[in-house]
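Peer 1: Structure in structure tokens, see below.
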Amino acid sequence: MAEVFEPRFADNAAAVAHMKQVAVGQSGFSRFLGVEPITCWDGKSELLLNIRPDMTQHHGFAHGAIVGLMADNACAWAAASVAGDVVTGSYSINFLAPARGTRLRAVGSVVKAGKRQVIVRADVWSESAESAPVLAAVAQATIVPLG
């Protein structure tokens, strides 16, 4: 049976404010990239990232490391919404299509939350004004609660 966790915050707005201050504000890499949390509530997460030219690889797509960061953060932030302070134990990612757009959107969802680990899935979408969103990658992570 999955462990039941009480929310640490009153609502999504309070959780997102905390993620902006801690998960982005105290993470040099996420802050440098400009990761923007949208949702971090009830086992779900959503974050956005505008793709700059210095985030691309030689074909002009978002670099795989950037797509991986978005998947990792979506998994960790979804887990944090039910388990508190966390770190990533492991994750695997499958790249499905080049991230050609101007923005990445990552959506994470807790599969099962336990006392020692939280299993989470994430989808990373490539978006642009000119075309429909494209599913660029899917990931699964084992996230470890620190509390």
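Peer 1: Please count how many residues of the stretch 107-147 are more than 16 Å from the chain's Cα centre (by Cα) and either in a loop (DSSP other than H, G, I, E, B) or acidic (D, E) (or both).
Peer 2: Result for the stretch 107-147: 8.
Peer 1: So, one more: Just checking, which of T88, T39 is crowded, with 19+ Cβ neighbours inside 10 Å, closer than 23 Å to L146 by Cα, in contact (Cβ under 8 Å) with a residue 24 or more places away in the chain and hydroxyl-bearing (S, T, Y)? Reasoning before the result, please.
Peer 2: Working: T88 fails: crowded, with 19+ Cβ neighbours inside 10 Å.
Matching residue, one of T88, T39: T39.
None of the figures in this text is laboratory data; all of them are computed from the coordinates on show. Since the structure is predicted, the reported quantities are computational estimates derived from the model, not experimental observations. Virtual Cβ from ideal backbone geometry, glycine too; neighbours counted across all protein chains shown.
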